[in-house]
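J.: Have a look at this one before I ask anything.
No value in this document is a laboratory result; all are computed from the given coordinates. These numbers were taken from a predicted model, which means no experiment stands behind them. Cβ coordinates were reconstructed from backbone atoms using ideal geometry, including for glycine residues, and neighbour counts include every protein chain displayed.
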Amino acid sequence: MTYIKGVGMTKFGISDKLTHQMAYQAAVEALRDAQMNIQDVDAIVCSSLEFFQSIEKQRHFPAMLSSMFRTNVPIIKVEAACAGGGAALWFANQLPYDNVLVIGADKLMTMKSEYITDEFMMAAESRYEQMEGLNFPSQNALVAQEYMHKYPDSNMHHLALIAAKNHANAVLNPRAKFYKQPVSLEKIESSPIVASPLRLFDCSISVDGGAAAVITKDKTDVEIAGSALYTDYLPTFERDDNTSWDATVLSSKDAYKQAKLSPEDIQIAEVHDAFTIVELLAYEDLGFAKKGKAWQLIEKGYFNRDGKLPVNLSGGLKAKGHPISATGLAQIYELTQQLRGKAGETQVKRAKVALSHNVGGAGGSIATHILKYRGG
């Protein structure tokens with residue numbers, strides 16, 4: 001069994017630090033939380049996108065971390081696009097070492113939006129689709145169109161309710177981009193169309209940020225009870241049905257089996273919401289709602305802070321921000337703090353079981369983790 005010993009995270013937004021400096025900041029906080037120093041770590045697993053690092057003239061990320069930490073332990077880099085943090089945690093969980101430091105960081109805000117758009121296209125679409133101009137928002141818009149065609153009771157209003165929920169949560173999170181910046185449902189539903197049916201506020205925001213976790217074989221108060229990673233075809237047109245993502249279904253079933261739990265046992269969750277439609281699909285693929293019926297629970301506030309299953313208490317990618325490789329570990333940060341009762345303003349009723357769901361591309365790589373609180 002593997003346990004969480006410490007977690008750390010930078011504030012998400014615009015940072016004057018470089019990628020490796022944000023990674024270091026998050027890692028130092030995680031080590032302090034674990035009451036450890038770098039000499040206690042047997043290995044490091046890191047995640048960061050090569051393209052962003054090349055802008056900083058530094059591509060050898062593991063060796064850069066070695067220089068900063070003054071350590072010669074094995075440092076392995078894992079990439080899985082937007083699922084980099086979750087994939088790094090999954091990989092670290094397979095290693096035979098007693099103590100592993102897992103880090104994710106990316107810096108996006110110094111780049112022009114057209115460069116970020118190109119980079120996301122490379123992570124989500126085949127080169128042939130890129131040549132035809134299919135970008136990440138339009139790809140997810142096609143997924144939303146297919147879903148609403150198959151399940152016509154769902155509509156843009158249900159997506160707006162997801163966005164409003166996540167913005168309301170981010171207002172309470174001091175590390176979120178939209179901290180103390182409320183966004184009304186009216187503003188969300190009147191925002192410009194980006195790619196129909198997705199509006200501006202259906203899309204997550206790019207930010208700078210880093211997050212980290214120390215995992216250990218020593219028993220602590222938070223157990224990684226389930227850890228699974230699955231992949232799927234890169235182009236969505238190669239799949240039979242885009243109203244369900246196989247990698248979410250498979251990774252969650254695997255994680256539930258490892259944890260000896262079912263979807264009904266999950267009490268809080270951090271779900272990947274690069275676009276609101278992705279969060280809606282996840283409700284059903286993770287087993288929280290029946291196929292084609294998530295809209296009913298959304299209308300009832302089931303996933304709100306005061307609902308039966310609070311989702312994205314951190315604000316999610318939508319309002320906390322999405323620094324790519326740091327996102328999956330930022331989910332683990334929030335859930336660990338919630339389980340420990342240390343989540344500050346975002347804290348809800350103390351939970352014992354939590355789930356994180358981290359997606360790379362449009363369902364191309366998906367990591368699902370289940371955490372159990374084992375403390376007093």
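J.: With +1 on each Lys and Arg Cβ and -1 on each Asp and Glu Cβ, how big is the dipole of segment 299-376 about its Cα centre, in debye rounded to the nearest 20?
T.: Dipole of segment 299-376, to the nearest 20 debye: 360 debye.
J.: Determine the shape class of segment 157-222: with a ≥ b ≥ c the square roots of the Cα gyration tensor eigenvalues, call it rounded for a/c under 1.5, and otherwise prolate if a/b is greater than b/c, oblate otherwise.
T.: Prolate is the answer for segment 157-222, as a/c is 1.5 or above and a/b outweighs b/c.
J.: Going by the alpha-carbon gyration tensor, a ≥ b ≥ c the square roots of its eigenvalues, is segment 184-251 rounded (a/c under 1.5) or, if a/c is not under 1.5, prolate (a/b greater than b/c) versus oblate?
T.: The shape class here is oblate.
J.: Below 8 Å between Cα atoms, with a sequence gap of 6+, how large is the relative contact order for segment 139-198 in percent?
T.: Computed value for segment 139-198: 38 percent relative contact order.
J.: Once you order the gyration tensor axes a ≥ b ≥ c over the Cα atoms, which shape class does segment 246-348 get: rounded for a/c under 1.5, otherwise prolate or oblate by comparing a/b with b/c?
T.: Verdict is rounded for segment 246-348.
J.: Same structure, new question: Starting from the amide H of Ala83, placed 1.01 Å from N in the peptide plane, find each other amide H under 5 Å away whose residue is 5 or more places distant or on another chain.
T.: Answer set, sorted by chain and number: Gly360, Gly361.
J.: Further question: Once fully extended, how much extra length lies between Ser184 and Gln94, figured as 0.36 nm per residue of separation less the alpha-carbon to alpha-carbon distance?
T.: My answer for the length gained is 28.1 nm.
J.: Further question on the same structure: Which order do Ile370, Ile193, Ile266 fall in if you start with the one that has the fewest other Cβ atoms within 10 Å?
T.: In order of increasing Cβ crowding within 10 Å: Ile193, Ile266, Ile370.
J.: For segment 1-107, state which trypsin sites (Lys or Arg not before Pro) are in a DSSP loop and have at most 10 other beta carbons lying within 10 Å of their beta carbon.
T.: On the way: sites: Lys5, Lys11, Lys17, Arg32, Lys57, Arg59, Arg70, Lys77, Lys107; in loops: Lys11, Lys17, Lys57, Arg59, Arg70, Lys107.
Those satisfying the criteria are Lys57, Arg70.
J.: Let me ask something else about it. Over the chain, what is the percentage of antiparallel beta bridges among all DSSP beta bridges, to the nearest 5?
T.: Roughly 70 percent of the DSSP beta bridges within the chain come out antiparallel.
J.: With +1 on each Lys and Arg Cβ and -1 on each Asp and Glu Cβ, how big is the dipole of the chain about its Cα centre, in debye rounded to the nearest 20?
T.: Approximately 1260 debye in magnitude.
J.: Next up: Whole-Hz ³J(HN,Hα) for each residue in segment 240-251, computed from phi via Karplus 6.51 cos²θ - 1.76 cosθ + 1.60 with θ = phi - 60°, x for glycine and proline: what do you get?
T.: 6, 8, 9, 8, 8, 9, 4, 5, 6, 4, 5, 5
J.: In the structure shown, do any of Lys5/Lys320; Lys11/Lys260; Lys107/Lys217; Lys300/Lys342 have a Cα-Cα gap over 30 Å, and if so which?
T.: Pairs exceeding the cut-off: Lys11/Lys260; Lys107/Lys217.
J.: Taking the beta-carbon count within 10 Å as an exposure proxy, list Ser314, Ser184, Ser206 from fewest neighbours to most.
T.: Numbers: Ser314 27, Ser184 11, Ser206 21.
Ranked by crowding around the Cβ, least crowded first: Ser184, Ser206, Ser314.
J.: Charges on Cβ only, +1 for Lys and Arg, -1 for Asp and Glu, centred on the Cα centroid of segment 294-376; of Trp295, Ser356, Gly375, which one is farthest towards the dipole's positive end?
T.: Gly375
J.: While we're looking at this one, here's another question. What number, in percent, do you get for the relative contact order of the chain if the mean sequence gap of Cα pairs under 8 Å and at least 6 apart is divided by its residue count?
T.: Relative contact order, the chain: 27 percent.
J.: In whole Hz and in residue order, list the ³J(HN,Hα) couplings for segment 354-370 that follow from phi through the Karplus curve 6.51 cos²θ - 1.76 cosθ + 1.60, θ = phi - 60°; x for Gly and Pro.
T.: 9, 10, 10, 9, 10, 10, x, x, 8, x, x, 9, 9, 10, 10, 10, 10
J.: Separate question: I need the phi-derived Karplus couplings for segment 317-334: 6.51 cos²θ - 1.76 cosθ + 1.60, θ = phi - 60°, integer Hz, Gly and Pro marked x.
T.: With coefficients 6.51, -1.76 and 1.60, one gets 5, 4, 10, 6, x, 10, x, 6, 5, 8, 4, x, 6, 5, 4, 5, 4, 4 Hz.
J.: Over all alpha-carbon pairs in the chain, figure out the percentage whose distance exceeds 39 Å.
T.: Summing the P(r) of the chain above 39 Å gives 8 percent of all pairs.
J.: Would you mind ranking Val100, Val353 so that the residue whose beta carbon has the fewest other beta carbons within 10 Å leads the list?
T.: The most exposed by this proxy come first: Val353, Val100.
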